[in-house]
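A short write-up of the structure that comes next.
The values are calculated or read from the model by the stated rules, or taken from the named source; none is laboratory data. The structure presented is a predicted model; accordingly, all values stated were derived computationally and were not measured. Using ideal geometry, Cβ is built from the backbone for each residue, glycine included, and neighbour counts are taken over all protein chains shown. All accessible areas refer to the heavy atoms of the entire protein, side chains included, with ligands and DNA or RNA removed. Shrake-Rupley method; radii C 1.70, N 1.55, O 1.52, S 1.80 Å.
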Amino acid sequence: MHIGAISNPITLADKRKALGLTQEELAGLLGVTQGTVSRNETAPDPDRRYVFSLDALAARKAAGLSLVA
């Protein structure tokens, strides 16, 4: 069995969309510009703070909490 790159990885854009957010809405929650969100979604090596923020928002949603602190 060959273990290699995942053919269909979940992208940051997929995570954002699963939260039901547009780039502009996510930018507002994170206190960044929409351009920053866009750059991180298309970057081969996105800023870890963006990745962690998306994961934190997903955890809040899974726990039934508001996405707005």
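Counting helices only, and only those DSSP H runs with n ≥ 4, report the 222 nm mean residue ellipticity of the chain as the sum of -39,500 (n - 2.57) divided by its residues, in deg cm²/dmol to the nearest 500. Mind showing how you got there, number by number?
Details: 4 runs with 39 residues, N = 69.
The helix contribution divided over the chain gives -16500 deg cm²/dmol.
State to the nearest 20 debye the size of the charge dipole of the chain about its Cα centre, where the only charges are +1 on K and R beta carbons and -1 on D and E beta carbons.
Values: 8 positive and 7 negative charges, 31 e Å.
In total the dipole reaches around 140 debye.
Can you pull the accessible area of Ser53 for me, 1.4 Å probe, Å² to the nearest 10?
Roll a 1.4 Å probe over it and Ser53 shows about 40 Å².
Largest first and in whole Å, what are the equivalent-ellipsoid semi-axes of the chain based on the Cα gyration tensor, each being the root of 5 times an eigenvalue? Walk me through the numbers on the way to the answer.
Details: eigenvalues 105, 51, 18 Å².
For the chain, the semi-axes come out at 23, 16, 10 Å.
Work through the residues other than Glu25 whose Cβ is under 14 Å from its Cβ and net out their charges, Lys, Arg +1 and Asp, Glu -1.
Numbers: positive: Lys15, Arg16, Lys17, Lys61; negative: Glu24, Glu41.
Result for the neighbourhood of Glu25: +2.
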